[in-house]
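To start, the structure under review is shown below, and the notes come after it.
The values are calculated or read from the model by the stated rules, or taken from the named source; none is laboratory data. Bear in mind the structure is a predicted one, so any value in this text is a computation, not a measurement. When we count neighbours, we look across all protein chains shown, and the Cβ atoms used for this are built from the backbone with ideal geometry, even at glycine. Quick note on the areas: whole protein, heavy atoms, side chains included, nothing else; ligands and nucleic acids left out. Shrake-Rupley method; radii C 1.70, N 1.55, O 1.52, S 1.80 Å.
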Amino acid sequence: MKEIAYIQWNDSYSVGYRFIDRQHKKLVDIVNTFYEAVKHGQEADLPYKILNRLTAYAEEHFRDEETAMELAGCPADMVEKHKAVHEELVKEIFKVAEKALTDNSAKALAETGDLLRRWLLEHILDEDMQYAPWVSKLKGPLVK
Ligand SMILES: [Fe+2]
């Protein structure tokens, strides 16, 4: 089986607002925990449990991100577009988790690992960077 490389946080992933960066780092950590579980073949349902945790945390993160965009004064159409992207991302992660439930072969888990990498990095690098010029003006914790 092909070795899964952990995701390394890189400063180029920063959106310039520490509160959101911290959440992105936590998402990276959870994905890396998934890799760890697949690599070491611990309890069979562990990868699935980690996917559940990832889904729950991603949903929380997306809500915070939407609030941050609104507070930072991002244009309304940009916020709406980003919300739609989040909805798609949630659907995708649910699909991935469901697939992991029905097939926990090493091959399927490795494919899931690749998918999670793309899911997370493309979201942060392509989508989230669009709001960086606004959100990077925010300081301190997110006041909801
Ligand atoms: Fe994000």
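Key figures for this structure:
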quantity: Residues of the stretch 113-135 classified as within 16 Å of the ligand (Cβ to nearest atom) and either over 19 Å from the mean Cα position of the chain (by Cα) or farther than 18 Å from TYR17 by Cα (or both), total; calculated: 7
quantity: From ALA56, ALA84, ALA44, ALA97, residue being over 28 Å from ARG18 (Cβ atoms), in a helix (DSSP H, G or I) and out of contact with any Gly (no Cβ under 9 Å at 6 or more places or on another chain); calculated: ALA97
quantity: Of all residues making up the stretch 120-135, the number that are closer than 18 Å to ALA84 by Cβ, free of Cβ contacts under 8 Å to residues at least 60 places away in the same chain and open to solvent by 20 Å² or more (accessible area, probe 1.4 Å); calculated: 4
quantity: Candidate set: the stretch 1-31, residues that are more than 11 Å from the ligand (Cβ to nearest atom) and polar (S, T, N, Q); chosen: the one nearest to PRO141 (Cα to Cα); calculated: SER14
quantity: Filtered residue count, the stretch 2-36, keeping only those that are buried (at least 19 other Cβ atoms within 10 Å of the Cβ), of a type outside the set (Val, Ile, Thr) and modelled with pLDDT under 90; calculated: 0
quantity: Condition check for GLU92: within 30 Å of ASP45 (Cα to Cα), among the acidic types (Asp, Glu) and in contact with a Leu (Cβ under 9 Å, 6 or more places away or on another chain); calculated: yes
quantity: Among the residues listed as ASP21, ASP64, ASP29, ASP77, the single one being in contact (Cβ under 8 Å) with a residue 60 or more places away in the chain and either in contact with a strand residue (DSSP E or B) (Cβ under 7 Å, 6 or more places away or on another chain) or in a helix (DSSP H, G or I) (or both); calculated: ASP64
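Yes or no, residue by residue, for (1) over 30 Å from HIS40 (Cα atoms); (2) within 14 Å of the ligand (Cβ to nearest atom); (3) of a type in the set (Lys, Arg):
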residue: HIS61; (1), (2), (3): no, yes, no
residue: ALA100; (1), (2), (3): no, no, no
residue: GLU111; (1), (2), (3): no, no, no
residue: LYS139; (1), (2), (3): yes, no, yes
